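Heads up: the structure comes next, in structure tokens.
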Amino acid sequence: MHKIRCEIDTEYRDPEALADLAWRWLTECPDRLEHETFQALLDSTGQVQESLSKAVPCGPPGTLWGFLSVHSLSQGGRITNRARVLTRKNLPMLRKWLALDVQLVETALYRLDDEGMPGEQLLRVGVAREDGSEDWVRLSVHTPEDHFGPAAQARWTDLLRDFSQEVDPCYAQIGYGLTLGRTEHEERVGPPQPKRTLPESRRLLRGYEWLMVIPREIAQQLGGGDGIAAAGDFHRVETLRDGAVLLQVTPEFDGFTGEAIERTWRLLRPALRPGMPRRYRDSDQTSPPSRIWYADIV
């Protein structure tokens with residue numbers, strides 16, 4: 001099953017600011033997106049801490065299970081990994097870990113299968129310093145596509161908007177999850193490594209999607225919120241606090257097809273990296289449906 005991914009990219013500021021931002025993202029995301037499940041998981045019992053290091057059942061079959069994980073840089077320059085099962089008792093440990101030089105920190109929610117092993121992943125939330133380009137921070141969250149109905153889409157939209165209001169993103173979107181966190185435009189036009197596109201992301205868009213945040217510098221070039229709204233029949237155009245613009249092309253995720261994709265591409269083409277998108281075999285069922293316009297901007 002395909003994954004839905006929300007991500008917000010912004011500049012790294014300092015360890016204290018990152019620790020506060022990471023704590024709120026890692027705890028608010030699951031609470032706002034899967035409130036009842038998250039609260040039930042925090043209060044659940046029977047999880048096995050040993051399951052994080054050995055191939056043993058994580059808890060009673062069919063119950064909820066999750067983990068906290070952090071990769072941090074030690075004084076000697078080595079990566080240190082720490083993990084705990086996700087419970088209310090262990091949650092304060094996350095706050096303590098965030099005081100370290102964090103490279104990647106995650107929370108994840110699962111439902112255990114008939115053998116008590118992690119089965120369906122309900123939500124995976126992360127904060128990462130971009131590998132090879134640590135001036136950038138990426139906030140992300142994944143869920144299976146069948147968990148992304150209209151009610152969930154509204155919650156995800158509000159989440160992206162609220163955090164984007166705060167961090168002045170260089171890019172943000174909700175779309176299908178792709179390899180290494182890259183956008184479909186990066187995957188098919190290039191360069192395929194986000195560490196190469198992030199440094200230019202206030203001048204060239206990393207991509208475009210059904211729901212996205214256009215950074216303030218590019219939004220200004222497009223005429224701001226008013227100019228973007230006047231350029232096409234978009235469902236929602238909202239100017240955020242620092243001048244970035246939230247663009248929701250269609251009311252629902254599945255409506256971002258055909259003409260809606262072309263309309264978005266025509267609006268954003270002045271800020272996209274040139275190149276003809278590569279097409280892959282239509283028979284590749286492992287890849288999500290393509291959601292970009294197959295034309296060069298020149």
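Some values worked out for this structure:
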quantity	calculated
Which listed residue, of R236, R281, is modelled with pLDDT under 95 and out of contact with any helix residue (DSSP H, G or I) (no Cβ under 8 Å at 6 or more places or on another chain)	R281
Yes/no for T87 being modelled with pLDDT of 90 or more, crowded, with 17+ Cβ neighbours inside 10 Å and over 16 Å from D113 (Cα atoms)	yes
Residue satisfying all of: in region 10-50; among the polar types (S, T, N, Q) and surrounded by 13 or more Cβ atoms within 10 Å (Cβ to Cβ); farthest from R84 (Cα to Cα) among these	T10
Helices (runs of 4 or more DSSP H) (entirely within region 168-267) containing at least 1 residues that are more than 26 Å from P288 (Cα to Cα) and open to solvent by less than 10 Å² (accessible area, probe 1.4 Å)	216-221, 224-230
Inter-residue pairs, beta-carbon under 7 Å, first farther than 30 Å from D101 by Cβ and in region 137-159, second among the charged types (D, E, K, R) and in a helix (DSSP H, G or I), 6+ apart	R155/R32
Pick from region 90-123, criterion acidic (D, E) and open to solvent by 60 Å² or more (accessible area, probe 1.4 Å), ranking: farthest from K54 (Cα to Cα)	D101
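Residue-wise test of (1) part of a strand (DSSP E or B); (2) among the aliphatic types (A, V, I, L, M); (3) in contact with a strand residue (DSSP E or B) (Cβ under 7 Å, 6 or more places away or on another chain); (4) open to solvent by 30 Å² or more (accessible area, probe 1.4 Å).
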{"position": "W65", "(1), (2), (3), (4)": "yes, no, yes, no"}
{"position": "L68", "(1), (2), (3), (4)": "yes, yes, yes, no"}
{"position": "G76", "(1), (2), (3), (4)": "no, no, no, yes"}
{"position": "A83", "(1), (2), (3), (4)": "yes, yes, yes, yes"}
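The values are calculated or read from the model by the stated rules, or taken from the named source; none is laboratory data. Since this is a predicted model, take the numbers as computed values, not measurements. Methodologically, a virtual Cβ is constructed for each residue, glycine included, from the backbone with ideal geometry; neighbour enumeration extends over all protein chains shown. The area values use the complete protein model at the heavy-atom level, side chains included, leaving out ligands, DNA and RNA. Shrake-Rupley method; radii C 1.70, N 1.55, O 1.52, S 1.80 Å.
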